[in-house]
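Here's the structure we're looking at; comments come further down.
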Amino acid sequence: MNSLLTLTTDFGTTSPYVAAMQGVILSINPQARLLDLCHEIPPQDVRYAAWFLREALPYFATEALHVVVVDPGVGTERALLYVETAGRKLLVPDNGVWTWLSDQAPQRVIELAERRWWRPTVSHTFHGRDIFGPVAAHLSLGLDPAQLGPLRLTWVQLPWPTPHHVAGMIEGEVLFIDSFGNLLTNLPATVRQPEQTYELHLGNKVITHWVRTYGEAAVGEVVALISSGGWIEIAQVHGHAARQLGTERGAKVVLMPLRSTWEV
Amino acid sequence: MNSLLTLTTDFGTTSPYVAAMQGVILSINPQARLLDLCHEIPPQDVRYAAWFLREALPYFATEALHVVVVDPGVGTERALLYVETAGRKLLVPDNGVWTWLSDQAPQRVIELAERRWWRPTVSHTFHGRDIFGPVAAHLSLGLDPAQLGPLRLTWVQLPWPTPHHVAGMIEGEVLFIDSFGNLLTNLPATVRQPEQTYELHLGNKVITHWVRTYGEAAVGEVVALISSGGWIEIAQVHGHAARQLGTERGAKVVLMPLRSTWEV
Amino acid sequence: MNSLLTLTTDFGTTSPYVAAMQGVILSINPQARLLDLCHEIPPQDVRYAAWFLREALPYFATEALHVVVVDPGVGTERALLYVETAGRKLLVPDNGVWTWLSDQAPQRVIELAERRWWRPTVSHTFHGRDIFGPVAAHLSLGLDPAQLGPLRLTWVQLPWPTPHHVAGMIEGEVLFIDSFGNLLTNLPATVRQPEQTYELHLGNKVITHWVRTYGEAAVGEVVALISSGGWIEIAQVHGHAARQLGTERGAKVVLMPLRSTWEV
């Protein structure tokens, strides 16, 4: 028993916080198998982390334990949770960061309450080191999650930005801008009808060229495609769409059907 | 015997230097357990690295070996050292980077002199790859540190910026700005007297609101608190204090007691 | 059999792509020994990656498998390759990224064609997750590379920027700017004749001070030296030569002999 422990935080890569948390984990379980997923979640950006987890965690085996420390409420009365959802196991603050992983109810939610699995002294500002780290290490050594605290029946839900259907159009938003500057929207590929063509409106820009992959259009062209995660995506071929279009997260995107073939 | 090897460097994350060093280590000890603590120490910034180590290394078990390559003097006559201090083991250039870990004398300091543990050819500019890497790998395989070279009785000491007591006030400085923009000072929590209230002066800004954690004040407010490492810290709630206040490392901070209760 | 798997990509460190790829690998081989070499190759910058590999891979043992996903042609007809060259093993897109590792012909090139080693569904835009990841995992478990597909006798070659000899001078270029701002050129140390002194021309700047290492000149001075990889390098002592000189990759560098001693 030595399950994979993944870490996702907003600690950044220039501060000693990731190292301190890893030191605590490795002091308890010297053979812990740590994997850094991301430490550059923008500070306190729970929605960014929620999307990140939704796109990354499905590819991991069910045994892994995913520790997520994006925690604007650290030290306040917010709870810390052990969650089993969508076949995944997580340690998270109770801020909804895990709730985009599945539309289904979680299998189990436990509140971290048993202080004997924590560091003896708990700071007010660094629960990654003082609570999440040691709890994760003990779980990786085989601790039964039921020992962590009581079951919990309520939790904070992060509202998923559901697209709106308006007058035949579907209105969504840019949920995530990736490292390439590609714009990932909350519009799943499945909102499109087969045999129907569409254009995308983003601000005063209209994108009409749909491709399967970047190399199918000219360098510099702005295109629409289906992302590797199944979302409608806007990209600039070998460029940076967000910079090119001046787009920020949250920007409105409208999917508009052109006159459909059966109307002709 | 296969102790954890941690790496802390100023090599950055876009150059091939970390990879080359790791390749050398793994060629000698294919089972080496490597952990990257930080590769984004600002170039040649020994004080930054010294603070980083002081805040991170106490959380590791004593078995770990910490390799630190922040080495403005690479290739000059400066020595390379194996150090045991504060229950920690390090490989460091002799520039004082380890000397903030403890006020006590080190348990042992050895100069790296035995070239048979180095790469056969040693460059003038990359001792991380050519000396530190192979020496670390051999130590992780169980090499007795006494084989590395002679004991050393002198070394470079990095002066700790001791706070000054002036007319009832205590003057310190901003030692570190973390990834959240929080200002960590060299004023330990213990300089404050119980039953006494204080204000902090930073440039022409006065901070009077002391909190236990960020969530106890309004978003955007600048507050004082005790950091998770035990230092007086200045933060902006859900913001970036350094940018908000225009503060750089080294800025003077004055802790000023208000009229104390026993004077009333 | 559980060889080291290294990852070099242009995925960036803020997107979920590295995590997804690692999840796929660890789902197939839970004991995979992953090492991140770099995920900050500039997007689609095949030449940057080619240099990175040339400088880093020689330090790894021959057993390691190096997965390189810098792939502007993802989803198009470009092939994916398993390559053995210069005693190294790689998985790469067929864009020449591996071809700077050696002047010799590769030992073996195989086209990834056998879909049974891929994810069942392959996206058009993320072959790192859907093809490279699972193939790498299977290889790390001992799969014979011959099972991946047919031998290939042609591939894309990335042209090496050979220096030109012109009227006694040698003209090269800045091939890489490292994290310290040092300028690495395509001029090998061996182009210099012993007993001959040289100056370097870069734009309208002339560099005449040759040193063995940075600490041999005054802080702020721009110097020439031989890099740890054996190339002529231009650096600013404790500074950032690229910013100081306003130099970008591709800038022309001329190595000019001064009147040689035997001409006197």
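The values are calculated or read from the model by the stated rules, or taken from the named source; none is laboratory data. Model, not experiment: these values are computed from the prediction. Ideal geometry is used to build each Cβ from the backbone, glycine not excepted, and the neighbour counts take in all protein chains shown. The protein model used for the area step is the full one, side chains on, heavy atoms only, and it has no ligands, DNA or RNA in it. Shrake-Rupley method; radii C 1.70, N 1.55, O 1.52, S 1.80 Å.
Have a look at B:Val83, B:Val46, B:Val74 and point out the one that is away from chain C (no Cβ under 14 Å) and of a type outside the set (Asp, Glu). Write out each step before concluding.
Working: B:Val46 fails: away from chain C (no Cβ under 14 Å); B:Val74 fails: away from chain C (no Cβ under 14 Å).
The match here is B:Val83.
Looking only at the stretch A:84-105, count how many residues are open to solvent by 20 Å² or more (accessible area, probe 1.4 Å), within 17 Å of A:Leu143 (Cα to Cα) and either out of contact with any helix residue (DSSP H, G or I) (no Cβ under 6 Å at 6 or more places or on another chain) or free of Cβ contacts under 8 Å to residues at least 24 places away in the same chain (or both). Residues flagged as open to solvent by 20 Å² or more (accessible area, probe 1.4 Å), within 17 Å of A:Leu143 (Cα to Cα) and either out of contact with any helix residue (DSSP H, G or I) (no Cβ under 6 Å at 6 or more places or on another chain) or free of Cβ contacts under 8 Å to residues at least 24 places away in the same chain (or both) within the stretch A:84-105 amount to 2.
For C:Arg115, are the conditions met, namely being open to solvent by less than 60 Å² (accessible area, probe 1.4 Å) and closer than 30 Å to A:Gly230 by Cβ? Here the answer is no, as C:Arg115 does not meet what is asked.
For beta carbons closer than 6 Å, sequence separation of 6+ or different chains, a first residue in the stretch C:202-220 that is on the phi > 0 side of the Ramachandran plot and a second that is buried (at least 16 other Cβ atoms within 10 Å of the Cβ), the qualifying pairs are C:Gly220/C:Gly239. Across the stretch C:22-49, the number of residues qualifying as in contact with a Gly (Cβ under 7 Å, 6 or more places away or on another chain) and either hydroxyl-bearing (Ser, Thr, Tyr) or within 21 Å of B:Gly23 (Cβ to Cβ) (or both) comes to 3.
A Cβ distance below 6 Å, combined with a sequence gap of six or more or placement on separate chains, defines the contacts here; from the stretch B:46-59, residues that are under 17 Å from B:Ile226 (Cβ atoms) reach residues that are aliphatic (A, V, I, L, M) in the pairs B:Trp51/B:Leu175; B:Arg54/B:Leu101. Is it the case that C:Gly96 is in a loop (DSSP other than H, G, I, E, B), over 12 Å from the mean Cα position of the chain (by Cα) and closer than 19 Å to C:Arg152 by Cβ? No, not satisfied. Among the residues of the stretch B:232-248, is any without any contact (Cβ under 8 Å) to a residue 40 or more places away in the chain, in contact with a Ser or Thr (Cβ under 6 Å, 6 or more places away or on another chain) and not aliphatic (A, V, I, L, M)? Taking every residue of the stretch B:232-248 in turn, none turns out to be without any contact (Cβ under 8 Å) to a residue 40 or more places away in the chain, in contact with a Ser or Thr (Cβ under 6 Å, 6 or more places away or on another chain) and not aliphatic (A, V, I, L, M).
Residues in the stretch C:1-34 that are among the polar types (S, T, N, Q), more than 8 Å from chain A (Cβ to nearest Cβ) and surrounded by fewer than 23 Cβ atoms within 10 Å (Cβ to Cβ): C:Asn2, C:Ser3, C:Asn29, C:Gln31. Residue check: C:Val74 meets all listed conditions (1) part of a loop (DSSP other than H, G, I, E, B); (2) more than 26 Å from C:Leu153 (Cβ to Cβ); (3) of a type in the set (A, V, I, L, M, F, W, C) but one, namely (2). Screening B:Leu57, B:Leu81, B:Leu53, B:Leu37 for residues that are open to solvent by less than 10 Å² (accessible area, probe 1.4 Å) and part of a strand (DSSP E or B) leaves exactly one candidate, B:Leu81.
Against the condition acidic (Asp, Glu) and crowded, with 24+ Cβ neighbours inside 10 Å, how does A:Asp71 come out, does it pass? Yes, satisfied. In the condition set (1) away from chain C (no Cβ under 12 Å); (2) in a loop (DSSP other than H, G, I, E, B); (3) among the hydroxyl-bearing types (Ser, Thr, Tyr); (4) over 20 Å from A:Pro16 (Cβ atoms), B:Thr121 is compliant with all but (1). Scan the stretch A:12-34 residue by residue and report those that are part of a helix (DSSP H, G or I) and closer than 13 Å to A:Ala136 by Cα. Within the stretch A:12-34, A:Met21, A:Gln22, A:Gly23, A:Val24, A:Ile25, A:Leu26, A:Ser27, A:Ile28 meet the criteria. Exactly one residue out of B:Trp117, B:Trp160 is among the aromatic types (Phe, Trp, Tyr) and touching a His at 6+ places or on another chain (Cβ under 6 Å): that is B:Trp117. Total residues in the stretch B:231-240 satisfying the condition of being closer than 15 Å to B:Pro188 by Cα and assigned to a loop (DSSP other than H, G, I, E, B): the figure is 0. The residue that is surrounded by the most Cβ atoms within 10 Å (Cβ to Cβ), among those in the stretch C:231-253 that are at the interface with chain B (Cβ under 9 Å from one of its Cβ atoms) and closer than 20 Å to C:Glu55 by Cβ, is C:Ala235.
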